[in-house]
Amino acid sequence: MTDVVREALRTTADLPHYATPEAVVAELQPEYPVYCVRPHAIHRAARLFLDKFPGDTLYAVKCNPAPHMLRALYHAGIRHFDTASLAEIALVSQLFPDSVCYFMHPVKARSAIAEAHSRYGVRHHVVDHPSELQKLSEVITANRDVVILVRLAVHHTGAVYDLSSKFGTSVEGTLALLAKIESLGFSAGLCFHVGSQCLDPDAYRLAMESVAEVRARSPIALGCIDVGGGFPGRYLNDPVEGVSSYIDAVIAAARGLGELEESRLFCEPGRGLTEGGESLITQVQLRKGSALYLNDGIYGSMNEEQTGLRRPHRMVATRDFSSRRAQFTVYGPTCDSLDILPDAVELPADLREGDWIEFGAMGAYGLACRTAFNGFFPNTFVSVENEFEADASPVG
Ligand SMILES: *Cc1c(COP(=O)(O)O)cnc(C)c1O
C-alpha cells in the first residue's frame, strides 16, 4: 500500500457534520484552521458539467486530491480523471476501481509510464515533443488501443495563469507529431489548455481555430479533442460569467468546426468543479492596530493569493460586529515576512483576537498547495450544509 493510499484511507471516514460554520465554531472553538466541505456544492458543479458538456468530463486531480473531494465528485457521477503523476493514478484507481485515469502530463518518467500502463491500465498519454513520443514508444508496445494526444500551445492573454510557455507545441510541431504517432501504430488525439482561471470564454473559440487548422492540414483521424481546464471560479477581483457560458463557448466552437461528429470531446476542469466546494474558518490570533495575524496564510491554504486571487470572506457570527468597516493588513502564521496577503482585507472595525473569519472559494488549489512550513499545516475537515455567502465587500 502506498503512502498516498494509506493517507486516503485514513481520511475517508465520514467527515463530522454540522449545519453551519457557526455550529462548527460553537462546538470546536477552533484555534486551528478548519476546512468546511460543502458536498452539495461539489455535487451541483459536477452535475453542471456532466449534464451540459457534450463529451467526457475528466476531473483534474491536482486541483484538490483530498479523498472527500474525489468521493463527492465520484458520487455525483464523475468517472474520468485527469492525472499527472503515478501517485495520483494510484490514489484514484484504488479508491474507484471502475474509474478511468488519463496520464495528461507531457513530461513523464519511464517507470511511471510503464507502471501506469501495465498496473493501472492507463491508455491515454499526452506529448508535446518528439523525444517524449520516442520515450513512450520505447516503454509501451504500440497499438491502436493506446491514444496519444498532442498538446497544442494556445496563446492568448485571458487567463490568470498562462501555461503556454511551459507546455505545448506549434501547429507545425503538432502535424509532425501526429504523423509519427500514426506511423508508430498508436491512435491520435489533440489537447490544449487555455490557462487556469480563464477570464474570457472566447479563449476556447480561438484554441479551437488551431484545432481546425490541424484538422484541415492533417489526414490523420483524431479520436478525441480535449479542451482542457481553465473554467473559472468566483473570486472577488475576477468577476466572470458562470462556468456554463464557458461550456456554451466550447460547444459552439466545436459545433462550428463539425468536431462534435468527428471526435469525442474531453474537458479537464479542476477549479470549475471544486472552487465552491470548500471554505476555510480561520481565527485572529493577534491584532496590532490595522494589522491582523491569522492562523493560516500563503504557506497554508492561501498560496494562490500570491498571484493576486482574492477569495471572498465573511465573519463567523459569534457576536455582533460593528457595521463600521476598516482595511486590515493580513499576515499568516509563519515567521516569514512573505507570509502576508498582497491586498488589504475589509473587515469590521471592532475585530479582535479570537474572532473567526470564513474564507470562501477554497476548494480549488487551497489544500492542494498547502505546506507544513514552520509547523503550520491546516488539516481539519468538517462538512456543512449551508451556502457560503460573502459579507458585502466592495471590489478594490
Ligand atoms: C491543471 C490542469 C488542469 C486543470 O486546470 P483548471 O484551471 O484548474 O481547470 C487541466 N488540465 C491540465 C493538463 C492541467 O495541467
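Can you give the accessible area per residue of the chain, in Å², using a 1.4 Å probe?
It amounts to 41 Å² per residue over the chain.
Apply 1/(1 + (r/R0)^6) to the Cβ-Cβ distance of Ala252 and Glu385, taking R0 = 41 Å, and write down the FRET efficiency to the nearest 0.05.
Efficiency, from the Cβ-Cβ distance: 0.70.
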Exercise. How many lysine pairs in the chain, separated by 8 or more positions in sequence or lying on different chains, have Cα atoms less than 20 Å apart?
Worked result: 7
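Over the stretch 39-274, what is the percentage of antiparallel beta bridges among all DSSP beta bridges, to the nearest 5?
Details: 3 of 30 bridges.
Bridges in the stretch 39-274 that DSSP calls antiparallel: roughly 10 percent.
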For this session: Could you calculate the FRET efficiency of Arg264 with Ala109 from 1/(1 + (r/R0)^6), where r is the beta carbon distance between them and R0 is 25 Å, rounded to 0.05?
Result: 0.35
Problem set entry | Fully extended contour minus Cα-Cα distance, from Ser337 to Ser131, at 0.36 nm per residue | 69.9 nm
Exercise. Plugging the Kirkwood radius over Cα pairs into Stokes-Einstein for the stretch 39-274, at a temperature of 20 °C and a viscosity of 1.002 mPa s, what D comes out in µm²/s?
Worked result: 121 µm²/s
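Looking at the chain only, what percent of DSSP beta bridges run antiparallel? Nearest 5 please. Walk me through the numbers on the way to the answer.
On the way: 23 of 58 bridges.
Within the chain, antiparallel bridges account for around 40 percent of the total.
Could you check how much of the accessible area of the chain is carbon and sulfur, as a whole percent, using a 1.4 Å probe?
Values: 8380 of 16250 Å².
In the chain, the share of accessible area belonging to carbon and sulfur is 52 percent.
Helix check for the chain. Which DSSP H runs span at least 15 Å along their own axis by Cα, with a mean Kyte-Doolittle hydropathy no less than 0.5?
Taking the DSSP H segments of the chain (at least 15 Å long, mean hydropathy at least 0.5), we get 171-184, 243-256.
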Seminar exercise, completed: Here the chain gives, from Cα atoms, an Rg and Dmax in Å of 22.2, 71
Exercise. Which whole-number percent gives the relative contact order of the stretch 3-158, counting Cα pairs below 8 Å spaced six or more residues apart?
Worked result: 16 percent
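By how many nm would the segment from Ala216 to Arg287 grow when fully extended, if each residue of separation counts as 0.36 nm and the alpha-carbon distance is taken off? Display every interim value, and only then the final one.
Values: separation 71, 0.36 × 71 = 25.56 nm, distance 6.25 nm.
So the extension gain works out to 19.3 nm.
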Problem set entry | Where labels lie 7 Å past Cα in the beta-carbon direction, separation of Phe377 and Arg205 in nm | 4.8 nm
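If you put +1 on each Lys and Arg Cβ and -1 on each Asp and Glu Cβ, how big is the dipole of the chain around its Cα centre, in Debye rounded to 20?
On the way: 35 positive and 49 negative charges, 127 e Å.
It comes to approximately 620 debye.
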Seminar exercise, completed: Output row, site Thr20, 7 Å Cα→C-beta label point, backbone N cut-off 20 Å, window the stretch 271-290, residues 277-284
Exercise. Along the stretch 359-364, what does the Karplus equation 6.51 cos²θ - 1.76 cosθ + 1.60 (θ = phi - 60°) give for ³J(HN,Hα), rounded to whole Hz, x for Gly and Pro?
Worked result: 9, x, 6, 9, x, 9
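Report the relative contact order of the chain, percent, no decimals, based on alpha-carbon pairs under 8 angstrom and at least 6 residues apart.
Details: 836 pairs, mean separation 82.9, N = 396.
Worked out over the chain, it gives 21 percent.
The values are calculated or read from the model by the stated rules, or taken from the named source; none is laboratory data. Predicted, not measured: the structure shown is a model, and the values here were computed from it. Heads up, the Cβs are rebuilt from the backbone with ideal geometry, glycines too, and the neighbour counts pull from every protein chain shown. Keep in mind that these areas ignore ligands, DNA and RNA; they rest on the heavy atoms of the full protein, side chains included. Shrake-Rupley method; radii C 1.70, N 1.55, O 1.52, S 1.80 Å.
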